[in-house]
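What follows is a set of notes on a single structure, which appears directly below.
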Amino acid sequence: MTDLSGEKKGKKEALKRLIKRLHDGANPEEVKEEFKEVIKDITSTEISQIEEELIKEGLPREEIQRLCDVHIAVFKESLEKEKTLAPAGHPIHILMEEHKILLRFADELKSLSKKIKQAENFNSIKEEIEKLRHIEVHLKSSESHYVREENVLFPYLEKHGITQPPAIMWMEHDKIREIKKKLYELIEIHESTTFQEFTKQLEELAISLADMLSSHFYKENNILFPTALKVIRENEWKDIRGQFDELGYCCFTPESAKKTGETRERPASKSEVEGTVPFETGTLAKEEIEAVFNNLPVDITFVDKENTVRYFNQSKERIFPRTKAVIGRKVQQCHPQKSIHIVNKILEDFKSGQRDAAKFWINLQGRLIFIQYFAVHDKNGNYLGCLEVTQNITDIKKIEGEKRLL
């Protein structure tokens, strides 16, 4: 990204000093007027640049995330003037429409929690519990919203040098997920807890979720999205829309928000179709190689020796979302902050030769998922990269005896 010069660079430096003062414990009200003077010509893109520089200078990403609400409180008047709306069918328009609907669900949840708190027992809130389950369905469906941002929008921002704001937003996504998980668990076990404890926890979670969504969506609508609209090119937005379509939408995403979007597929060139690749054990056309990989009963992703995602197959029952936007992305940026240390440890061990494989298994929505990582070497033992293989082994675990006939 191009550095600013002259007067605006001075304003940026002044803004950085003020943010550091807030970091050191200054009362926001004490510096608010000074902030207003400094930021009157500062754009959302420059705010993103400032966050990048602060982190490079040593301020922890978690600290930036904690300070975001303070920043927003001070920046609010300036940011609202710069609010950008994208046309229907544009990925940003879709995301912002989903924000509005999710905020309505959060408000409905808060109102419902207050009504339930005024009741006497579980027998008197059967209708409210049904409404609660209805909200739960939509909140679960909202995972698509965050998946599209993390796997498509964020990688495109990173390609244009905007790396820290997406990382901070992903951290907040995980916090939202934690709140929702507690809510789902509470609804599931509500009859096995006391009515008083249920109403208390429900109200706390409803308030927490509403506050978190309101703050998070405000930051995205007024900082992240305007920045994206400025740095991402028009032809890239068409690709982003196509990848949004591939991943799918929430059950409540308005059709009107998507109606003018286009899905564009890149036609294969003649050489791609006719070209063949010789192997020691045979020769395959490129289209055959792709078909073979895509028909494997596992998801595979290859990360090269520079930790860059180079390839993934498109199996029929993909377990974790993958989009073309991740190609060329560092693998560390494809994982939540809390698991990056594990990823780095595996890669370090592979490169040093301390291990050739790492295996994990997790429970995901009633399925047992087996995740394996393999070090990939050439004939001479040189490290080429890492292969991730993910498989749903739920049904495999149930196999007994023998089956010799169709």
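A short reminder: the numbers here are calculations on the coordinates, not readings from a lab. Here the structure is a predicted model, which means the values were calculated and not measured.
Please report the spacing between the Cα centers of the range 121-137 and the range 212-258 in Å, no decimals. Between the Cα centre of the range 121-137 and that of the range 212-258, the gap is 32 Å. For the range 282-360, the Cα gyration tensor yields ellipsoid semi-axes of 25, 16, 13 Å (square root of five times each eigenvalue, largest first, whole Å). With 21 Å as the limit, the listed pairs Lys56/Lys351; Lys259/Lys316; Lys159/Lys258; Lys159/Lys230; Lys175/Lys316 have Lys56/Lys351; Lys259/Lys316; Lys159/Lys258; Lys175/Lys316 beyond it between alpha carbons. Just check the range 91-258 against the gyration tensor rule for me: Cα atoms, a ≥ b ≥ c as the square roots of the eigenvalues, rounded for a/c under 1.5, and otherwise prolate or oblate depending on whether a/b exceeds b/c. Taking the square roots of the gyration eigenvalues as a ≥ b ≥ c, the range 91-258 is prolate.
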